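Values quoted throughout were computed directly from the atomic coordinates according to the rules given, and no laboratory measurement underlies them. These numbers come from a predicted model, not from an experiment. Positions of Cβ are generated from backbone atoms using ideal geometry, with glycine treated the same way; all protein chains shown enter the neighbour counts.
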Amino acid sequence: MPTLPPGYRLIALETIDSTNEEAKRSGQGADRTVIWAKQQTAGRGRRGRSWMSLPGNLFASIVVKPDCPIAEAAQLSFVAALAVADVLADIGLNDRITLKWPNDVLVDGAKISGILLEATSSGAEIDTVIIGIGINLAGHPDDTPYPATDALAAAGETARPDTVLERLIAAFDQRYGTWKARGFDVTRQDWLDRAHGRGGPIRVQLDSEALDGRFADLDRSGALVVELPDGSIRNVTAGDVNFPKED
């Protein structure tokens with residue numbers, strides 16, 4: 001059984017529909033509760049998309065009560081992405097890891113991990129944030145509209161889910177502590193240092209339009225900063241990102 005940092009509580013399950021859904025059913029749980037399942041039957045990604053839950057991969061949700069304004073809660077996706085990157089770096093993938101806005105982790109440009117945040121609030125303050133994390137360790141789907149990979153294919157070695165979970169929560173605890181103590185600035189800079197496609201062409205699909213421009217920056221709230229062809233700036237808080245090749 002994984003050993004977690006002090007203050008964390010682990011709920012380990014064999015099979016569940018979704019670790020995020022289990023967190024909701026249990027009333028979101030106490031602060032720093034971790035729900036881990038060896039298999040999910042109905043994993044979910046962003047915008048209601050399904051998450052293929054292949055055996056041997058990692059499926060977990062971290063429940064935190066960050067005591068922060070609603071606008072700041074989304075920054076926890078960057079905290080979690082950096083924690084995943086820290087773990088993957090430990091298995092020899094460091095120079096090949098990039099982070100795709102808002103919450104994907106890539107290796108050699110292929111998706112290896114996704115993060116799903118779900119929150120409850122009371123007024124202007126966040127009560128609970130559920131951070132769902134999936135990491136492809138032993139396999140990946142081959143029918144996705146984007147390239148995908150897994151740790152075994154990328155690093156050539158097997159990574160046990162229980163060992164990775166232990167390292168992940170330790171990395172998250174450190175990253176989360178930095179965010180709580182120092183605000184978003186350190187997290188933002190560390191994320192930008194690994195940002196996929198920064199400075200290059202980008203397409204962002206919004207609900208009602210597509211933006212084509214240049215990935216200019218990440219603002220101090222976590223919004224994607226896109227420079228449009230006419231030189232104007234758009235700050236995007238939600239959308240699907242692609243990176244067209246330059247001519």
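Couple of notes before you dig in:
- Of all residues in the range 234-246, exactly one satisfies the criterion of being among the hydrophobic types (A, V, I, L, M, F, W, C) and over 17 Å from Ala195 (Cβ atoms), namely Ala238.
- Pairing residues of the range 220-232 that are touching a residue at least 40 places away in the same chain (Cβ under 8 Å) and surrounded by fewer than 16 Cβ atoms within 10 Å (Cβ to Cβ) with residues that are outside any loop (DSSP other than H, G, I, E, B) and aliphatic (A, V, I, L, M), at Cβ distances under 9 Å and at least 6 apart in sequence or on separate chains, gives Ser221/Ala71.
- Here Arg214, Arg182, Arg175, Arg203 are screened, and the one residue that is in contact with a helix residue (DSSP H, G or I) (Cβ under 9 Å, 6 or more places away or on another chain) and among the basic types (Lys, Arg) is Arg175.
- Residue ID - nearest to the chain's Cα centre (by Cα), chosen from residues in the range 179-194 that are surrounded by fewer than 17 Cβ atoms within 10 Å (Cβ to Cβ) and in contact (Cβ under 8 Å) with a residue 12 or more places away in the chain: Leu192
- Count of residues meeting criterion [touching a helix residue (DSSP H, G or I) at 6+ places or on another chain (Cβ under 7 Å), outside any strand (DSSP E or B) and within 17 Å of Leu58 (Cβ to Cβ)] in the range 8-38: 1
- Against the conditions (1) within 13 Å of the chain's Cα centre (by Cα); (2) within 17 Å of Arg175 (Cα to Cα), Asp90 satisfies every one except (1).
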